[in-house]
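Trainee: Quick one: structure below, then a few questions.
The values are calculated or read from the model by the stated rules, or taken from the named source; none is laboratory data. All values reported here derive from a predicted model rather than from experimental measurement. No Cβ is skipped: glycine too gets one built from the backbone with ideal geometry, and neighbour counts run over all protein chains shown.
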Amino acid sequence: MFTKIFYLNDIKKLSNFTEKFNYLDVGSRNGIDGWFSIIHEKLNVISFEAEEGNALFNIKGKKKFYLTKNKGNSSFFKPNDKNKIFENEEGRINFEEIEINTDTIDNIIIDKIDLIKIDTQGSEYEIIEGGWKKISNDMPFLFLETWSDYYYENIRLFNEIITKLRTIGYEIYLLDVAGANRIDLRHKFSKNIGQQKFVGFNLFLGPNLDYLISIKNLEERVKRSFILFVHDLLTYSYKIVEKDNCDYKLFLEKIINKRIKYRHFYFILKYLKLAQSLFLRKRKYFYPLT
């Protein structure tokens with residue numbers, strides 16, 4: 001769950017050297033949260049939320065939508081009835097059918113997009129499909145919550161999404177667990193215990209390094225470098241701007257040298273913050289990718 005630490009002070013200081021990012025938030029019911037909230041002042045946000053009748057898909061028109069008891073589990077795809085054998089799934093398998101309007105990224109979005117987050121309970125592939133021209137042209141970083149099991153009927157799984165994006169030069173930069181389950185055996189035992197099976201993942205995908213280095217516009221390279229820095233991908237972050245002579249690179253060098261000099265301190269700090277987060281149940285320094 002807690003795969004990396006976000007160094008808030010370093011992120012905020014380095015962000016002073018970047019321009020604003022155009023951020024497409026698809027599945028925005030929680031607003032700006034997680035690591036996005038750290039750089040919220042640097043985001044020009046375009047939001048879509050199906051529950052509010054403002055939905056993206058791979059077609060323009062009307063489409064059936066499954067509004068679940070736990071609204072965060074609502075989807076364009078019908079929840080799989082097989083989920084009832086798992087614990088804590090009542091909020092997903094109880095739903096009502098409604099009809100909402102949909103459109104596509106390619107039809108709606110005009111401005112260049114730097115970041116896209118898609119958390120839509122199964123329709124990530126279709127949304128990407130409906131924005132294929134825009135994504136192929138802008139090559140934004142993508143943050144996706146995807147499934148590796150058929151939690152919804154007929155969804156496209158995360159491996160299919162990765163395979164499609166690889167055809168235009170995307171790679172996985174980071175991955176963490178988005179969903180896990182246990183079979184509910186409380187009719188037999190007093191409690192469900194044991195490891196959970198992983199059923200969903202958060203993915204951070206982006207253009208390959210050769211593409212990022214080849215970007216001619218310095219402002220654009222700086223923004224790309226900064227997002228990699230936010231996720232502590234320091235060597236990748238630096239490589240993109242290595243040959244540039246700019247204030248951003250100089251400040252990035254200072255941060256990296258500080259991390260090297262005090263690396264033992266940062267190692268201890270990470271686990272102190274991890275213990276604090278687990279004890280207080282707050283993710284001030286640790287967030288999922290989406």
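Trainee: Give 112, 42, 84, 117 a once-over and let me know the one that is under 22 Å from residue 6 (Cβ atoms) and in contact with a helix residue (DSSP H, G or I) (Cβ under 6 Å, 6 or more places away or on another chain).
Mentor: 42
Trainee: Taking the criterion of being over 30 Å from residue 136 (Cα atoms) and of a type in the set (Lys, Arg), would at least one residue in region 226-242 satisfy it?
Mentor: no
Trainee: Filter region 49-65 for residues that are touching a residue at least 40 places away in the same chain (Cβ under 8 Å), surrounded by 12 or more Cβ atoms within 10 Å (Cβ to Cβ) and of a type in the set (Lys, Arg) and give the result.
Mentor: Listed by number, the list holds a single entry, 60.
Trainee: Being within 30 Å of residue 83 (Cβ to Cβ) and among the hydroxyl-bearing types (Ser, Thr, Tyr) is true for just one of 190, 214, 237, 225. Which residue is that?
Mentor: Just a single option satisfies the conditions, and that option is 190.
Trainee: Of 88, 58, which residue is more than 30 Å from residue 233 (Cβ to Cβ), among the polar types (S, T, N, Q), modelled with pLDDT under 95 and assigned to a loop (DSSP other than H, G, I, E, B)?
Mentor: On the way: 58 fails: modelled with pLDDT under 95.
Of the residues listed, the single one that is more than 30 Å from residue 233 (Cβ to Cβ), among the polar types (S, T, N, Q), modelled with pLDDT under 95 and assigned to a loop (DSSP other than H, G, I, E, B) is 88.
Trainee: I need the full set of residues from region 91-139 which are over 18 Å from residue 156 (Cα atoms), in a strand (DSSP E or B) and of a type in the set (A, V, I, L, M), in order please.
Mentor: 98, 100, 115, 116
Trainee: Here is a follow-up. Out of 44, 30, which single residue is of a type in the set (S, T, N, Q), within 30 Å of residue 224 (Cβ to Cβ) and in contact with a strand residue (DSSP E or B) (Cβ under 6 Å, 6 or more places away or on another chain)?
Mentor: 44
Trainee: If you don't mind, another one. For the subset of region 56-77 comprising residues that are over 23 Å from the mean Cα position of the chain (by Cα) and of a type in the set (Lys, Arg), which member is nearest to residue 199 (Cα to Cα)?
Mentor: Of everything passing the filter in region 56-77, 69 is nearest to residue 199 (Cα to Cα).
Trainee: Here's a follow-up. Filter region 221-268 down to the residues that are touching a strand residue (DSSP E or B) at 6+ places or on another chain (Cβ under 8 Å) and either loosely packed, with under 13 Cβ neighbours inside 10 Å or in a helix (DSSP H, G or I) (or both) and list them by number.
Mentor: 223, 224, 227, 228, 236
Quick grid of which residues meet (1) buried (at least 16 other Cβ atoms within 10 Å of the Cβ); (2) of a type outside the set (A, V, I, L, M):
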residue: 181; (1), (2): yes, yes
residue: 186; (1), (2): no, yes
residue: 189; (1), (2): no, yes
residue: 203; (1), (2): yes, no
residue: 216; (1), (2): no, yes
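Trainee: Do the conditions hold for residue 211, that is, is it outside any strand (DSSP E or B), at pLDDT 95 or above and among the aromatic types (Phe, Trp, Tyr)?
Mentor: Yes: the conditions hold for residue 211.
Trainee: Also, I was wondering about something else. Out of all the residues in region 10-27, which are free of Cβ contacts under 8 Å to residues at least 60 places away in the same chain and either buried (at least 16 other Cβ atoms within 10 Å of the Cβ) or closer than 23 Å to residue 139 by Cα (or both)?
Mentor: 20
Trainee: Out of the residues in region 142-179 that are over 17 Å from the mean Cα position of the chain (by Cα) and under 23 Å from residue 87 (Cα atoms), which is surrounded by the fewest Cβ atoms within 10 Å (Cβ to Cβ)?
Mentor: By that ranking, first place goes to 154.
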